[in-house]
Amino acid sequence: MTLEPNVSSTLAAISLSFLAFIVAPGCTATASVTGHGAPALLARPLDEATEQFVSSILSNMTLEEKIAQMIQGDIASVQPEDLATYKLGSILAGGGAAPGGNVRSKPQAWLDLTDRFYRASLAAPAKGHPPIPVVFGIDAVHGDAKLIGATVFPHNVGLGAAHDAGLMREIGKATAEEVSAAGIDWTFAPTVAVARDVRWGRSYESYSESPELVAEYAPAMVEGLQGMLGGKDFMTPGHTLSSVKHFLGDGGTHDGRDQGDTRVSESELLSVHGAGYVSALKAGALIVMASYNSWNGVKMHANHHLLTDVLKGRLGFEGFVVGDWNAHEQVPGCSKEDCPAAILAGLDMLMAPDSWKKLYENTLAAAHSGAIPAARIDDAVRRILRVKAIAGMFQRPPPKERRNVGDFSVLGSGAHRALARRAVRESLVLMKNSGHTLPLDTHAHLLVCGGLADDIGAQAGGWTIDWQGDHNHNEDFPGGTSIYAGIKAALAAGGSAELSRDGSYKVKPDAAVVVFGERPYAEFEGDLETLEYSPGDKRDLALFKKLRAAKIPTVAVFLSGRPRWVNPELNAADAFVAAWLPGSEGEGVADVLFGSAAGKPVDFTGRLSFSWPATAMPVLFAADGSVKNALYPRDFGLSYRDPGAPFVKLSEDPGVPKQWEVSASSLFARSHPIAPWSLFLADGADQVHLTLEDQASPHGIVTAGMDEAGRQFAWNGASAGSVRLSGRASDLTAAAARGESIEVRYRVTQIPDRTVLLKLLCTEGKCGTALDVAASLREPGEWRTLSVPLSCFAVPGSDLREVEVPFALETDGHLRLTIADIDLEPAREHAYRSCPPAID
Ligand code: BGC
Ligand code: BGC
């Protein structure tokens, strides 16, 4: 294993652990839950008093209480009153959830809610043992960013570029202070993914493609959030539990598909993708979140070997494993309401946001029938209680009675904002600085342009206020600053700034700053086919060219959750800064652009933690860890002190192989949906995200497989089932008026014996109408194109403004077909001269 140049002794120790993790020579250690068995790698001696306390509770719990501890529900679907009957172990607020459903709720509303849940758990009947407090969790993945007024730190991709583990510790501490101010005890962070193909939409949640850097950061963040395990500050007020996620291989999926399949050897899986776990667990991480992805075709939520033998056994993890958001439903044979297989594999707590009640009932039934052995349940509950006990939860009063809780001055405090501003400064990477365009002069007249110049929402990215973070405006960040506002403040002493999205100006500027880049996204909605920046829209590039033609020195500030192929923009700008997703403190960008802050010189110190690709295809990792196809290697970064070699014009050929070429109209191609779309298999009232090669709808009505030409779907005729493409609600009214059509290229292998409905589905109930396309599916073996004008769905009373599902194919009969492509095509000669028959 090759280490980073600044190898520390801790890192060396960690890398030794990797080896043991991988090889585990003759290691037969069982999970040291019971304190028996050979000591596993990271197992620490269990505290006798804690274990006795846990045992005494466990021995007095009913089976109902035990099963409820193993389930986590989401505030959108569970009320504090429910805890009187269902004594759930945990409550979460998912990406889109908030008190009263209002993501712009005041912090006090959050505290009111966490307090009510906590009190409800303490008041729940508990015979023969002390009440078991509920633990409330939230995705504070870059600061307490779901809360209005919080400090929003840069996303992990930017923090990685800072190469500063000490900074992580401080950010963890500040985040925990803000999170716990509203009575929240658990943060679903850090993500220790080692993203390898940055087409993955979650790449910005990864610190680095380098396992060593992730291994160095993970423990610092864990200690910042929780305090030092065994130290005086551990889980004292102002700290929250962390969880390390997503175990294992989330950053290694084939083609960078979110929730996809990681196809690597076990040793690579552990040494690359496992790096952050070893060090985080050593630092006292007590909760590990299992991943949505599969490893060589087996879903992690069903992987006994990795969850139980490796994590709990070989590594000696004594905390608990929590599932991901209904991820257990993707395990073959499971539904979101029933999944003994995940518990048998080693999940201790299932994240069952909306499915918690049925899941509780079914899990209880499986426990009664013996399908889940009592020992497995006791082990899971013991782990959960142990974590609660170690974290001091049994001593914590309800949130409103806690010292420091309810003091919201900590949210976005001056000290935290100063820390975030420093993090921004440290994260920026200078990639080009021709003609000493930077630093800017504080006495200059500057043009600040580009679509993202005055947009804190774009700076913050996904997982901000809501899940996708794509509806946020400057007013949602009281106390925050946009990049424009930061530049303006820096010019206050003598210069001036003109804000203009399109680059037009009243007074010819001395220089221009163009802030451009990606708009917010989260999870699979951010997956890409190629890394070319903005393939369908070259307006940003045109802006650079226009400024160059006017001989205005231009600085590009690129906001993105990952490296993108931007060679044309790099050529066209005089200076280029990768600013990642810096968060709420835009002033940090200005500090570096002007080379000074508070009268002190500031230089660029950020260095890439991801290789920057030479083409629009991702870089490749060789077995020895070396990287191919990089334009700028990992660790690259210029500075004022070290301006590097003169810039040489870059190739403007994106180098995309034919099979990866993207068409803007494509919704499904190359056997997978094109983001933001995802495929779901649905029957009855349920649906499941299609992420495996072979998968069935929740009740088995529709099955999906692969063939050489695309995705094969088969309906078994037992009841109605459908295949759906779903994603961001889109307004299709204009497309319908322009005469665009939904086009599906398909081959039937078994003709339908009932009607087959083509549908659109909209946010508020019915939109469009269902059309019977069975007549087009009667020629088996032939590749054909079904082309249905969108206007066919625009019948009176239907509203195409918020189409969530632009394609659904449904039948209650038999049918088998392969789909190669689904497109939204411009008007042309249609296969149908008239619309297919509408069905009520
Ligand atoms: C994500 C997790 C997150 C959870 C709760 C999941 O979809 O994968 O990272 O913690 O939702 O919001
Ligand atoms: C939730 C997120 C979750 C996602 C997964 C969203 O509705 O708010 O927390 O990660 O669904 O699909």
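The values are calculated or read from the model by the stated rules, or taken from the named source; none is laboratory data. Please read all numbers here as calculations on a predicted model, not as lab measurements. Neighbour counts run over all protein chains shown; Cβ positions are idealised from the backbone, glycine included. The area values use the complete protein model at the heavy-atom level, side chains included, leaving out ligands, DNA and RNA. Shrake-Rupley method; radii C 1.70, N 1.55, O 1.52, S 1.80 Å.
Here segment 250-329 and segment 365-437 have alpha carbon centers that stand 19 Å from each other. For the chain, relative contact order (Cα pairs under 8 Å, six or more residues apart, normalised by length) works out to 11 percent. The Cα atoms of segment 759-803 cover 38, 17, 13 Å along the three principal axes, with the biggest extent listed first. Which whole-number value in Å² is the accessible area per residue of segment 612-686, probe 1.4 Å? I get 52 Å² per residue for this part.
Dipole size in debye (nearest 20) for segment 492-560 around its Cα centre, Lys and Arg Cβ +1, Asp and Glu Cβ -1? Please list the in-between numbers first.
On the way: 10 positive and 11 negative charges, 153 e Å.
The calculation lands at about 740 debye.
Within segment 252-305, none of the trypsin sites (Lys or Arg not before Pro) combine a DSSP coil assignment with at most 12 other C-beta atoms in a 10 angstrom radius.
Figure the gain on full extension for Glu708 and Ala550 (residue separation times 0.36 nm, minus the Cα-Cα span) and round it to one decimal in nm. Don't jump to the answer; show the numbers that get you there.
Working: separation 158, 0.36 × 158 = 56.88 nm, distance 5.22 nm.
Using 0.36 nm per residue and subtracting the Cα-Cα distance, I get 51.7 nm.
Projected onto their three principal axes, the Cα atoms of segment 396-458 cover extents of 61, 22, 22 Å, largest first.
Roll a 1.4 angstrom probe over the protein heavy atoms and tell me the percent of accessible area of the chain that is carbon or sulfur. Working shown, then result.
Values: 15940 of 29580 Å².
Taking all protein chains in place, the chain shows 54 percent carbon and sulfur surface.
For segment 780-786, 3J(HN,Hα) computed residue by residue from phi via the Karplus equation (6.51, -1.76, 1.60; θ = phi - 60°) reads x, x, 9, 6, 9, 10, 9 Hz, glycine and proline entered as x. Find which of Met349, Gly316, Gly370 sits farthest along the positive direction of the dipole of segment 308-395, computed with +1 on the beta-carbon of Lys and Arg, -1 on that of Asp and Glu, about the Cα centre. So the residue we want is Gly316. The alpha carbons of the chain occupy a box of 79, 72, 52 Å along the principal axes, longest dimension given first. For segment 806-812, 3J(HN,Hα) computed residue by residue from phi via the Karplus equation (6.51, -1.76, 1.60; θ = phi - 60°) reads x, 8, 9, 10, 9, 8, 10 Hz, glycine and proline entered as x.
Note on Trp783: accessible area is roughly 80 Å² with a 1.4 Å probe, heavy atoms of protein only. Restricting the trypsin sites (Lys or Arg not before Pro) of segment 67-153 to loop positions (DSSP other than H, G, I, E, B) with no more than 16 neighbouring Cβ atoms within 10 Å leaves Arg104, Lys127. About the centre of its Cα atoms, segment 410-516 shows a dipole size close to 400 debye [charges on the beta carbon of Lys, Arg (+1) and Asp, Glu (-1) only; nearest 20 debye].
How large, in Å, is segment 168-218 by the Kirkwood hydrodynamic radius built from its alpha-carbon pairs?
12.2 Å
Magnitude of the charge dipole for the chain, about its Cα centre and with charges confined to Cβ atoms of Lys, Arg (+1) and Asp, Glu (-1), is about 1040 debye. For the chain, the 222 nm mean residue ellipticity estimated from helices alone, with every DSSP H stretch of n ≥ 4 adding -39500 (n - 2.57) and the total spread over all residues, rounds to -7000 deg cm²/dmol. Whole percent per 5 Å bin, from 0 to the bin with the longest distance: what is P(r) over all C-alpha pairs of segment 508-631? Over segment 508-631, the share of Cα pairs per 5 Å bin runs 2, 9, 17, 20, 20, 16, 10, 5, 2, 0, 0 percent.
Could you please tell me the mean projected area of the C-alpha convex hull for segment 492-561, averaged over all directions and given in square nanometres to one decimal? Working shown, then result.
Numbers: hull surface 24.9 nm².
Taking a quarter of the hull surface, the average projection is 6.2 nm².
Just so you know, the averaged projected area of the alpha carbon convex hull for segment 324-373 sits at 3.0 nm².
Between the amide H of Ile71 and those of Gly89, Ser90, Leu350, distances stay under 5 Å, these residues lying 5 or more places away or on another chain, with hydrogens modeled in the peptide plane.
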